[in-house]
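Enquirer: Mind having a look at this structure? Questions to follow.
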Amino acid sequence: MKVHEYQAKEIFADAGIPVPPGEMATTPAEAFEIASGLNRAVMVKSQVHVGGRGKAGGIKYAENAEAANVLAQTILGMDIKGLTVKKVLVTAAEDITSESYVGIILDRATKRPVIMVSPAGGVDIEEVAAKTPEKIFKLAVDPVLGLRTYQARDLAFKLYHDIGQVRQAADIIMKLYDVFWKIDASLVEINPLITNTAAQVVAIDAKVNIDDNALYRQKQVEVMRDLDAEEPSEVQAREADLSYVKLDGSIGCMVNGAGLAMTTMDLVKRYGGEPANFLDIGGSSSPEKVIAALKIILGDPNVRSILINIFGGITRCDDVATGIVRAFKELKPAVPAVVRLTGTNEEEGIRILKSVNLPSADTLDNVVKKAIELAGKDA
Amino acid sequence: MSIFIDKKTKVLVQGITGRDGSFHARQMKSAGTKVVGGVTPGKGGASVGGIPVFNSMAEAVEKTGANTSVVYVPPAFAADAIYEAVGAGIKTVVCVTEGIPANDMMKVYPHVTKHGVRLIGPNCPGLISVGQSKVGIMPATIVKKGNVGVVSRSGTLTYEAIWALTLAGMGQTTCIGIGGDQVIGTSFIDCLEAFEADKSTKAIVMIGEIGGSDEEEAAAYIKKHVTKPVVAFIAGQAAPPGKRMGHAGAIISGGTGTAAEKIAALNKVGVPVAGSPTEIPGVLRELMSRTKKKAAGRTTTAGKKTVTRKKATPKKSATGVKKTTARARAAKPAARTRIRTRGKKTTARKKQK
C-alpha cells in the first residue's frame, strides 16, 4: 500500500525526523490559509501516487499566500500521468545547500533490510545507480541485531563532512530504520535529504510503502489509504478478497491461482489478444466470490469476452461450475464467455455448465484462443 | 529417490483443527504420507481423522518422533509456529500460510538457517515425492512416478505443468512449490542443487515468475553446477510494472524483475524457456534426447559441464537433433519466438521530488 507524501511526513514527524512544517489542502482557499499561517515562502506539491511530479509541473514554488492560492488553482485538477490531482501539500520552502538520498528497502536477495545512502540526492536513484554506482553506499542490516548507532554514523559520514551534520543524519537514519520496522514498510525513502542555510539536515520529501501482508496489524496506517487515488474496480476487488489488476485489453480473465492467472494473460497476448485484467479468485470455490469476480469483469466496458480458466486441485471443478452458473443466471452477461475446467471433478463441472449453454474448452491454450475468437476482430 | 521428503518423512500438522489443516491432514494421509500427529494449543487429546492432536510441538515431537512439520496456521501466528517447530527439533518445515508479513520472515529466516532447519515457503503449495510422501496441498492425483524434478514459485501453475508432463508420459521424482513471497526459506538454487545430487532425477523443470532476481541467480548456478537438462517457464510477460500480481513477490519494481530479463538470463546459459506450460514436455523431451546424444559423443577430457550446456542452445543444435517427436518440433519455434519478442526494460522508478 502506498501513502501520500503528506502522510509519510506525518509518520516521519511522529518519529522525530525533521520535516518542514506544512499541511494538506484540497482547495485553493485552504492552500491560501495554510500558506498564510506559515507566513513564509512555500512549496505547493501535488499529492498523487506517481513519480516525476516535479517534471510534470506538479511541484511549484510560491513566494507568498496569494501566489500559493493561484498555483493551487492550476495544480488541483491537473492530470499527471493519467492521475487527477485532488490534493496538494503546502509546505515551507527551504533554502537548500545540498541534496542527498536515504532509503531503506526490503532486499530479497539478502532477505534483509538494506539501507542505501548517496550524496547524489534529488534525482532518480536508479539513474544514479546506473550512471555513477560509486556514489551509492549500501548496508544490509542484521534484522535480529537491528541497526547499531555506529553503522548509522558510518553511513552519515558518506553524506557529510561536518560532524554536526553527520550526527543529525545518523540520528535521522536510526529513526528511519525504526519507522521501517514499526509500520511494516517495504520501502521508506527521503529524496532529497537536504541541508539548509542554517546547517540543519531536513527531509523535504518522503515516500513510504507498506507491506500489504502486515496491514492487519497496521490499522493506523491503513486508514491513510486514499480510495480516491485507486482504480474503483481494484477497491471493489479488494473488498471481495480477490486479487485484481486492471489492464487495458478486451479479454476479461478469471483464473484460480496467481501464477496461472499471469500465465493466462501471457497466453492471451501470445495468441494475439489483449487481457483486460489480472484476476485470481484464490483457492476458494465459493459462488459468492465467482459472482463478485464476474461483476468486476463486466464492470469494465472494454471487455468483449470472458475467459474462465480453473485448474481444480483441492478446488473442485463442480463447485466452481455451480458458482459460475449462479453468477451467469444472476448477472446475465451480454458478452460471450468460454470456460475451461480441468482437474478434480472435471466431468461433473462441465455437465453443470452445459445447463446454461456455456461453451467450454479442453486445454489452457484452446480456452485462450477461443476467448480471443469470441471477442471478435481487433481483440 | 527424491528430494527433501521421502518414505521416512514423519509429519506433524500445525493448525490441524482449523478448516484447511484438518482437510489437508486427511488428504495427506490418504495420499500415503505418514501423518503422525497434529498440534493445536488447547485441543490436545483430540483426534482428526484418526490423527492424534497435541498441545505443543515439543510434546508432539517427543511422542511421535516426527522430523517434518507443515504449517496451516493464520498469518498472524505463522512465524511463531515456525519458531516452535525449530525449538521442538523439527528438521523440515513446510509453511503453506499466505500473507505473513515480510518483516516477520526476515527474522525467521536467519533463525532457521542457524539451526540447520530447511524451511519451504511460506505461501507455497508444499511438495510431493511421488509414491513416497506428500506435504502441503498439491493434488496427489496429477502426479506420476518418473524422473523429472519440478520446482516452481507458484501453485496452480505448477499443477498445470505437472499435469502436462503426466499427460505426456513424463513422470516426476519430486514436485516442489517454493512459494510466491519475497522472503522464502528454500530457493531455486537449493532445489537445483538437490535435484542435481538426486540420482533418480534425470531432468529438471523450473517455473519462475516476475519479481526479484531468483531466476537470474538460478541461471548462473545452472551454468556452473547443473549437468542435467533444465527447461524453464516464466509467468508474467504481460504484467504491468509496479503492480503486485497476486503473489507478494510478483512485482516488477524499479524496472527490474521483468519476465524478459529472466528469459534472457536463462537462454544465455542454454536453458530453453517454453512458450506455454503445455509445451514444457515437448521442449524437455527434445533437450533430453539432444543431451543424451551429446553425452555419448563427447570425449572425456573435454567433458566439462559448461561445454555441454553452451552447446545446448537451440540455434546450434537445431541440425544435430536425431530423434525429435512431433511435439518437440512444434514446441521449438515457440520457445524461440518468446526470446525474440522480449520487451525492453519498462520504466525505472521516476524522480521523486
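The values are calculated or read from the model by the stated rules, or taken from the named source; none is laboratory data. These figures come from a predicted structure and were not determined experimentally. In this analysis, Cβ positions are derived from the backbone assuming ideal geometry, glycine residues included, and neighbour counts consider all displayed protein chains.
Enquirer: Can you name the residue in the stretch A:247-278 that is assigned to a strand (DSSP E or B) and more than 9 Å from chain B (Cβ to nearest Cβ) and, of all such residues, is nearest to A:ASP318 (Cα to Cα)?
Expert: A:MET254
Enquirer: If you go through the stretch A:347-370, how many residues are assigned to a helix (DSSP H, G or I) and either within 14 Å of chain B (Cβ to nearest Cβ) or over 15 Å from A:LEU267 (Cα atoms) (or both)?
Expert: 14
Enquirer: For the stretch A:142-244, give me every one of the helices (runs of 4 or more DSSP H) that falls completely inside it and has 3 or more residues that are of a type in the set (A, V, I, L, M).
Expert: A:149-157, A:163-182
Enquirer: Which one of these does B:ALA264 not meet: (1) of a type in the set (A, V, I, L, M); (2) part of a loop (DSSP other than H, G, I, E, B); (3) more than 20 Å from the chain's Cα centre (by Cα)?
Expert: Only one criterion in (1) of a type in the set (A, V, I, L, M); (2) part of a loop (DSSP other than H, G, I, E, B); (3) more than 20 Å from the chain's Cα centre (by Cα) is unmet by B:ALA264, namely (2).
Enquirer: Is it true that B:LYS91 is within 12 Å of chain A (Cβ to nearest Cβ) and of a type in the set (D, E, K, R)?
Expert: So B:LYS91 does not fit the description; no.
Enquirer: Looking at the stretch B:227-262, which of its residues are away from chain A (no Cβ under 11 Å) and either among the hydrophobic types (A, V, I, L, M, F, W, C) or within 27 Å of B:GLN172 (Cα to Cα) (or both)?
Expert: Once the filter is applied, which keeps residues that are away from chain A (no Cβ under 11 Å) and either among the hydrophobic types (A, V, I, L, M, F, W, C) or within 27 Å of B:GLN172 (Cα to Cα) (or both), the stretch B:227-262 yields B:THR227, B:LYS228, B:PRO229, B:VAL230, B:VAL231, B:ALA232, B:ILE252, B:ALA260, B:LYS262.
Enquirer: Hey, another quick one. Pick from A:LEU227, A:LEU267: which is among the aliphatic types (A, V, I, L, M) and either under 15 Å from the mean Cα position of the chain (by Cα) or more than 24 Å from A:LEU374 (Cα to Cα) (or both)?
Expert: Sole residue among the options that is among the aliphatic types (A, V, I, L, M) and either under 15 Å from the mean Cα position of the chain (by Cα) or more than 24 Å from A:LEU374 (Cα to Cα) (or both): A:LEU227.
Enquirer: Could you pull out every one of the strands (runs of 3 or more DSSP E) wholly within the stretch A:58-139 that has 1 or more residues that are within 29 Å of A:ALA199 (Cβ to Cβ) and aromatic (Phe, Trp, Tyr)?
Expert: Of the strands (runs of 3 or more DSSP E) lying wholly inside the stretch A:58-139, those with at least 1 residues that are within 29 Å of A:ALA199 (Cβ to Cβ) and aromatic (Phe, Trp, Tyr) span A:59-62, A:96-107.
Enquirer: Quickly run through the stretch B:32-55 and pick out the residues that are touching a helix residue (DSSP H, G or I) at 6+ places or on another chain (Cβ under 7 Å) and surrounded by fewer than 18 Cβ atoms within 10 Å (Cβ to Cβ).
Expert: The one that is touching a helix residue (DSSP H, G or I) at 6+ places or on another chain (Cβ under 7 Å) and surrounded by fewer than 18 Cβ atoms within 10 Å (Cβ to Cβ): B:GLY49.
Enquirer: Follow-up. Among the residues of the stretch B:91-107, which ones are buried (at least 24 other Cβ atoms within 10 Å of the Cβ) and touching a residue at least 60 places away in the same chain (Cβ under 8 Å)?
Expert: Passing the criteria: B:VAL93, B:CYS95, B:VAL96, B:ILE100, B:MET105.
Enquirer: Looking at A:PRO192, A:PRO232, can you tell me which residue is in contact with a strand residue (DSSP E or B) (Cβ under 6 Å, 6 or more places away or on another chain) and either modelled with pLDDT of 95 or more or away from every other protein chain (no Cβ under 14 Å) (or both)?
Expert: From the options A:PRO192, A:PRO232, the qualifying one is A:PRO192.
Enquirer: Please verify whether the stretch A:313-324 includes one or more residues that are touching a residue at least 40 places away in the same chain (Cβ under 8 Å) and crowded, with 20+ Cβ neighbours inside 10 Å.
Expert: yes
Enquirer: Scan the stretch B:136-171 for residues that are of a type outside the set (D, E, K, R), surrounded by fewer than 24 Cβ atoms within 10 Å (Cβ to Cβ) and more than 13 Å from every other protein chain (Cβ to nearest Cβ) and report the count.
Expert: Residues meeting the conditions: 5.
Enquirer: Also, quick follow-up: Of all residues in the stretch A:94-119 being within 13 Å of chain B (Cβ to nearest Cβ), crowded, with 17+ Cβ neighbours inside 10 Å and among the aliphatic types (A, V, I, L, M), which is farthest from B:ASN103 (Cα to Cα)?
Expert: Filtering the stretch A:94-119 for residues that are within 13 Å of chain B (Cβ to nearest Cβ), crowded, with 17+ Cβ neighbours inside 10 Å and among the aliphatic types (A, V, I, L, M), the one farthest from B:ASN103 (Cα to Cα) comes out as A:VAL102.
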